[in-house]
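Note sheet for the following structure.
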Amino acid sequence: MRGLKTFFHVAVAAWLALLLTGFAQAQTWSQDGPVPRFHQAAIYDSVTDNLIVFGGAQGGTLGPLNDVWEEAGVVAAGQATVVGLNWIQLFPTGTAPSARFGHSGIYDSGSNRMIVFGGGTSATTCLNDLWALDGANAATGTQTWLSLTASGTVPTARLDHSAVYDPTTNSMIIFGGSNCASGFLSDVWVLSNANGGGGTPAWTQLSPTGAGPSARENSSAIYDSVNNVLTICAGDAGGTGLSDVWTLSHANGQGGTPQWTQLVPTGPGPIARTGQSAVYDATNNRMIVFGGINSVTGTHYLGDTWILTFANGLGGAPAWISEKVTGTAPLRRFHSAFYSSTFNSMLVFGGDSQITQSPPDDRVFILSKANGL
């Protein structure tokens, strides 16, 4: 009997220990996917269909972020109406960039590197540092952060600028932004050897001819690498949003003198806005503009979609087309957006939403038949 009681006491003790361990495990919170954010930098690899997100703002009293996340097969999953199930947090080797928001991130698929420039650690502290994330698409190998040092005069520290990548010359082109001191910019810079793998990166400021766009932040930019034309639209200078559209020829600084030209598209166009996104269907020369907000201090969040034909200003008269879409359109600003020519779809991630103003959003939306054709 004594042996049976001893066995019973041991068994109960073991059961209690297991139960308590289970409770401890059950009380551990985990984040399924990235923290909601806006003003992040993100890239999309159309070959692997992978979305990579770095940093961003959380809003309120929460500080900025410097984490890296991947969602694999994101647009393909969206076609199957299963979105947001494949998020994986990445932990690149090397020293990571400081936490930030309003930075830019462009992708060179040839070297599989994401190039990060600038941003802010707060609304009053801007950056102009340069980073490369090697192995960026997370398809193979380990990701590594590399701090890049460029020659030439470094652009003024800034956030909320526009940036595009020219794969033909391995160049990054940036336009405008805010200097974090209530000053807005309209300058254009080219970073040659941008991926840091083909030589030392070098900064060059362009001096375009023509009356160019006004100084602004939060403009959207697309780039036609075949014709070397940059197109920018909208943004703000600290107040009401803008609705103008401009092209810059010889935007990478090669082949001739860069020149600004304002486009005057036909048809009723989108209302003035800032914090919108723009993606480019190069095959059909169409720019797809989505969302934003009507002014910096406004509360009119937008979920409309517009198409600009002949978006590079070549081949015909540009025209605005209001795209009529089915389904519930997300309302948001300061999100990331990409175009998949494989699926003719637009991918939208994150942003500050009217529906979920605090915290920002962490969802992915896919717009099918995005180019309207």
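The values are calculated or read from the model by the stated rules, or taken from the named source; none is laboratory data. Everything numeric here is computed off the predicted structure, so don't read it as measured data. Every residue, glycine among them, receives a Cβ derived from its backbone with ideal geometry; neighbour counts consider all protein chains shown.
Before moving on, here are some points about what is shown:
- Condition check for Ala138: part of a helix (DSSP H, G or I) and either modelled with pLDDT under 95 or over 25 Å from Asn193 (Cβ atoms) (or both): no
- In the stretch 141-175, the residues that are more than 18 Å from Gln254 (Cβ to Cβ), modelled with pLDDT of 95 or more and in contact with a Gly (Cβ under 7 Å, 6 or more places away or on another chain): Gln143, Thr144, Trp145, Leu146, Leu148, Ala157, Arg158, Leu159, Asp160, His161, Ser162
- Of all residues in the stretch 207-241, those that are closer than 21 Å to Cys126 by Cβ and of a type in the set (A, V, I, L, M) total 4.
- Restricting Ala251, Ala221, Ala237 to those that are touching an Asp or Glu at 6+ places or on another chain (Cβ under 8 Å), small (Gly, Ala, Ser) and under 12 Å from Ile173 (Cα atoms) reduces the list to Ala251.
- Residue match in the stretch 317-325 (condition: touching a Pro at 6+ places or on another chain (Cβ under 9 Å), more than 20 Å from Asp160 (Cα to Cα), assigned to a loop (DSSP other than H, G, I, E, B) and touching a residue at least 40 places away in the same chain (Cβ under 8 Å)): yes
- Among all positions in the stretch 64-76, there is at least one residue which is closer than 20 Å to Arg363 by Cα, charged (D, E, K, R), surrounded by 23 or more Cβ atoms within 10 Å (Cβ to Cβ) and in contact with a helix residue (DSSP H, G or I) (Cβ under 9 Å, 6 or more places away or on another chain).
- Residue match in the stretch 304-317 (condition: charged (D, E, K, R), closer than 23 Å to Ala76 by Cα and surrounded by fewer than 21 Cβ atoms within 10 Å (Cβ to Cβ)): no
- Some residue of the stretch 176-189 being out of contact with any Leu (no Cβ under 6 Å at 6 or more places or on another chain), free of Cβ contacts under 8 Å to residues at least 60 places away in the same chain and closer than 30 Å to Gln89 by Cα: no
- Considering the conditions (1) modelled with pLDDT of 95 or more; (2) surrounded by fewer than 24 Cβ atoms within 10 Å (Cβ to Cβ); (3) not in a loop (DSSP other than H, G, I, E, B), Phe117 is excluded by exactly one of them, (2).
- Residues satisfying the stated conditions in the stretch 134-158, i.e. touching a residue at least 60 places away in the same chain (Cβ under 8 Å) and of a type in the set (A, V, I, L, M, F, W, C): Ala136, Ala138, Ala139
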